[in-house]
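Quick one: the structure is below, and I'll ask about it shortly.
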Amino acid sequence: MPDSNPRIPFEMMTERKPIAPLNGKSLIVHVVLNVEYWPFDQAMPRTVMPAPHGQSPVPDVGNFAWAEYGVRVGVPRILGILSDRGLKASAFINAYCCDIYPSASEAMLKAGWEFVGHGWIQRSLLREDDETAVIQQCLERLESFTGEKVRGWLGPGIGETFDTPDVLKAQGIDWLADFYVDDLPCWMRTKHGPLVGLPYTVEFNDSPITAVEKHSSDEMFRRLESTLPVFEREMEHNPKVLTIALHPHLTGPAHRAYYLEKMLDLLLARDDTVFVTGSEICDWFIDADGTNGAAVA
């Protein structure tokens with residue numbers, strides 16, 4: 001039988017077997033902060049200011065400053081919002097940030113956040129000459145900085161080659177967030193054995209919402225209000241993972257940080273909700289599923 005996806009066998013959500021909630025909670029919230037370095041001497045990965053005279057400049061001072069505002073102001077602001085509520089996040093972080101933004105990286109580490117591989121700088125693996133070497137470099141730097149094994153990965157710009165999941169599994173990565181095909185984790189097929197595919201999101205992601213679609217400051221909050229009634233019905237069959245994907249230059253400005261606070265408070269007021277990091281979701285899924293990925297082994 002043909003398969004639509006080379007990594008994850010097709011399965012509708014209604015076909016998935018029921019699995020136990022995480023600590024008895026069916027709404028599993030994963031807050032992600034994408035912390036990135038956009039090199040000053042290269043073209044910017046994304047822009048908010050149009051190119052003058054129709055030509056993309058290097059250096060691109062306006063768009064570089066937009067991004068770095070996020071690390072200088074957005075990171076401590078979002079750290080404070082989460083810390084005030086006793087919450088941790090997953091830092092999907094370019095490994096070079098440990099060197100170029102050391103105090104921001106130290107603050108996230110001190111707050112107990114999980115560090116997740118996200119490239120060396122904000123450049124797709126499709127543009128790297130040797131993706132294995134880049135992945136190794138990233139993992140070595142993050143592990144030396146945190147003192148802990150890096151277990152998860154999100155490609156910069158969701159960029160992958162045809163070999164990336166195989167390379168990541170061979171390097172000891174346990175889960176990958178690039179294949180966000182479901183509201184639950186899935187088992188992924190690699191040459192070196194099963195890999196967990198964690199839910200990520202473009203629907204609760206401030207990059208497409210804010211930088212691409214140009215929605216108003218309250219859009220993510222409005223989407224959350226509309227999502228919860230649907231999830232409540234579907235959680236009668238299986239838990240749901242709600243990923244909230246943030247970038248410090250997009251949600252860090254005060255007018256959007258205000259709505260992040262409202263989102264978190266809305267979720268914290270529920271009795272069916274648990275906030276976790278990426279590897280906590282991975283470990284829960286492996287235990288609750290109980291198959292060790294036999295279907296893709």
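Bear in mind that the values in this text are calculations on the coordinates, not laboratory data. Computed from a predicted model, the values in this text were never measured in an experiment. In this analysis, Cβ positions are derived from the backbone assuming ideal geometry, glycine residues included, and neighbour counts consider all displayed protein chains.
Need at least 3 residues that are more than 21 Å from Lys149 (Cβ to Cβ) and of a type outside the set (A, V, I, L, M, F, W, C) per element, so show me which helices (runs of 4 or more DSSP H) inside region 162-264 make the cut, counting only ones lying wholly within it.
Details: elements: 164-170, 219-234, 248-251.
Answer list for region 162-264: 219-234, 248-251.
Taking region 273-297 only, how many residues are buried (at least 17 other Cβ atoms within 10 Å of the Cβ), assigned to a loop (DSSP other than H, G, I, E, B) and out of contact with any Phe, Trp or Tyr (no Cβ under 7 Å at 6 or more places or on another chain)?
So the answer is 1.
Also, quick follow-up: Just one of the numbered conditions (1) closer than 30 Å to Arg16 by Cα; (2) buried (at least 21 other Cβ atoms within 10 Å of the Cβ); (3) touching a strand residue (DSSP E or B) at 6+ places or on another chain (Cβ under 9 Å); (4) of a type in the set (A, V, I, L, M) is not true of Val181; which one?
(2)
Give me the pairs, please: first residue somewhere in region 230-251 and over 16 Å from Ala67 (Cα atoms), second residue anywhere and surrounded by 22 or more Cβ atoms within 10 Å (Cβ to Cβ) and among the small types (Gly, Ala, Ser), beta-carbon distance under 9 Å, and either six or more positions apart or on two chains.
Note: pairs meeting the criteria are Thr243/Ala177; Ile244/Ala89.
Next question, about the same structure. Yes or no: Thr251 under 20 Å from the mean Cα position of the chain (by Cα), β-branched (Val, Ile, Thr) and surrounded by fewer than 21 Cβ atoms within 10 Å (Cβ to Cβ)?
Values: under 20 Å from the mean Cα position of the chain (by Cα): yes; β-branched (Val, Ile, Thr): yes; surrounded by fewer than 21 Cβ atoms within 10 Å (Cβ to Cβ): no.
In short, no.
Inspect region 118-126 for any residue being free of Cβ contacts under 8 Å to residues at least 24 places away in the same chain, of a type outside the set (Asp, Glu), outside any helix (DSSP H, G or I) and surrounded by fewer than 17 Cβ atoms within 10 Å (Cβ to Cβ) and give the result as yes or no. I'd like the intermediate steps shown before the answer.
Going residue by residue through region 118-126, those that are free of Cβ contacts under 8 Å to residues at least 24 places away in the same chain are none.
No, the conditions are met nowhere in region 118-126.
Is it the case that Asp206 is in contact (Cβ under 8 Å) with a residue 12 or more places away in the chain, out of contact with any Lys or Arg (no Cβ under 8 Å at 6 or more places or on another chain), charged (D, E, K, R) and closer than 20 Å to His118 by Cα? Break it down stepwise before answering.
On the way: in contact (Cβ under 8 Å) with a residue 12 or more places away in the chain: yes; out of contact with any Lys or Arg (no Cβ under 8 Å at 6 or more places or on another chain): no; charged (D, E, K, R): yes; closer than 20 Å to His118 by Cα: yes.
So Asp206 does not fit the description; no.
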